[in-house]
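Single-structure report; data block below.
The values are calculated or read from the model by the stated rules, or taken from the named source; none is laboratory data. None of the values given here were measured: they were computed from a predicted structure. Glycine gets a Cβ as well: all are built from the backbone with ideal geometry, and neighbour counts include every protein chain shown. With ligands, DNA and RNA removed, areas are computed over all heavy atoms of the protein, side chains included. Shrake-Rupley method; radii C 1.70, N 1.55, O 1.52, S 1.80 Å.
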Amino acid sequence: RSDSGRRCCPHWMNPRRIIARIFFAVLTLCLAARAGTLSIADYRQQLQQYSAGLEQIKTHPEQAQKLEAEIPDHVSVKADSSEYSLSYEWLKSGLKQLNQSNADARSAALTRLQQRLKNLDQEAQGYEKQQKELRESRTSIQQILARHEFRKSHAPGFLEIWWQKLKRWLSDFFDRHPIYGRKGTDILHIAVYVAVAVAFVLFLVWIKRRLARSKEETGREIVPFAPSAKGWRAWLTEARDFAQRGGWRDAIHLAYWAGISFLEEQGAWRPDRARTPREYLRMLGSRKPQYPVLSDLTRKFEVTWYGNRDASAADFQETLGQLEKLGCR
């Protein structure tokens with residue numbers, strides 16, 4: 001009876017073969033999406049599944065060829081913003097060599113392949129842990145910087161960087177050139193310090209005079225209201241008075257505002273006391289016939305008045321010529 005039972009049970013109904021087929025069917029379904037990009041967790045799961053497949057080959061060597069066919073040549077693993085291409089050629093090559101080995105060599109080869117899969121799994125686990133800790137650290141830093149006491153924190157500006165460099169240079173300079181040497185006072189060093197101090201004082205004096213001159217020129221600005229509040233003829237009369245006294249810069253300054261007052265009276269723009277010379281030029285528009293004349297008049301005024309350039313009688317006569325072109329006669 002036992003012999004007849006064996007004859008009635010085909011080899012494909014062997015329970016071990018059925019379990020092996022079910023396992024590899026599940027493995028095939030799990031690896032169906034191997035061509036896509038894997039996460040680190042998916043990659044680790046894939047390594048563990050291949051390791052389990054190698055364990056099955058120890059008892060079913062005939063499954064090596066099938067597992068080899070299921071393993072892709074390369075996989076793409078995405079970690080945060082980076083993507084890596086990893087090769088499985090070594091595993092496929094190892095599976096091919098199993099058919100040419102005896103039982104002992106095959107067992108040793110399978111052990112080596114499983115150990116390498118285990119090492120890759122541990123490396124992936126370590127990388128995943130490192131990335132997690134890095135994300136947590138960034139989150140903690142962002143939470144700390146979001147606190148009230150850090151809201152006004154900022155990177156050093158240009159002046160702060162320049163000042164730090166100057167202090168380092170002075171510190172290095174005094175370290176290299178101490179005031180008192182081993183043999184007493186060094187006259188050369190003292191001369192250097194005096195020269196540096198004098199240069200610094202002269203620099204401060206220059207800045208003070210520059211600021212004072214700027215305030216003085218601002219104080220001489222005699223346009224408290226819109227230019228057209230005072231007729232262009234009044235502006236021109238005051239300009240001629242300054243010219244008779246040799247005040248050419250003031251004369252050109254007043255003559256310019258005579259032209260602006262004239263155009264404003266002609267309706268070139270709405271009166272406004274807060275405009276700059278360039279704004280008047282832009283509001284007139286380059287298509288107007290007066291634009292080239294006003295452009296030359298503005299350039300002469302800016303160079304002479306704001307550029308602190310000395311003026312002469314010829315400069316004033318040139319300005320009067322521009323005013324006549326505008327229609328100020």
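If you go through the stretch 278-310 and keep only what is β-branched (V, I, T) and touching a residue at least 24 places away in the same chain (Cβ under 8 Å), you end up with V293, T298, T304. Is there a residue being surrounded by fewer than 18 Cβ atoms within 10 Å (Cβ to Cβ) and in contact with a Gly (Cβ under 8 Å, 6 or more places away or on another chain) anywhere in the stretch 110-117? So far as the stretch 110-117 goes, yes, one or more of its residues are surrounded by fewer than 18 Cβ atoms within 10 Å (Cβ to Cβ) and in contact with a Gly (Cβ under 8 Å, 6 or more places away or on another chain). When the residues of the stretch 277-310 are filtered to those that are part of a loop (DSSP other than H, G, I, E, B), touching a helix residue (DSSP H, G or I) at 6+ places or on another chain (Cβ under 7 Å) and of a type outside the set (S, T, N, Q), the one that is most open to solvent (accessible area, probe 1.4 Å) is R309.
Highlighted here are the helices (runs of 4 or more DSSP H) found entirely within the stretch 156-267 that include at least 2 residues which are at pLDDT 75 or above and in contact with a Ser or Thr (Cβ under 8 Å, 6 or more places away or on another chain): 232-244, 248-265. Whether any residue in the stretch 318-325 is open to solvent by 20 Å² or more (accessible area, probe 1.4 Å), assigned to a loop (DSSP other than H, G, I, E, B) and over 30 Å from R210 (Cα atoms) is what I want to check. No: the stretch 318-325 contains no residue that is open to solvent by 20 Å² or more (accessible area, probe 1.4 Å), assigned to a loop (DSSP other than H, G, I, E, B) and over 30 Å from R210 (Cα atoms).
State whether the residues of the stretch 25-41 include one that is at pLDDT 75 or above and polar (S, T, N, Q). Yes, because at least one residue in the stretch 25-41 is at pLDDT 75 or above and polar (S, T, N, Q).
If I filter the stretch 96-107 for residues that are part of a helix (DSSP H, G or I), open to solvent by less than 50 Å² (accessible area, probe 1.4 Å) and modelled with pLDDT of 80 or more, do I get at least one hit? Yes, the conditions are met somewhere in the stretch 96-107.
For the stretch 45-91, taking the residues that are touching a residue at least 60 places away in the same chain (Cβ under 8 Å) and among the hydroxyl-bearing types (S, T, Y), the one that is surrounded by the fewest Cβ atoms within 10 Å (Cβ to Cβ) is identified as S51. Quick one: which residue in A255, A313 is open to solvent by 20 Å² or more (accessible area, probe 1.4 Å) and touching a residue at least 12 places away in the same chain (Cβ under 8 Å)? Just one listed residue meets the conditions, A313.
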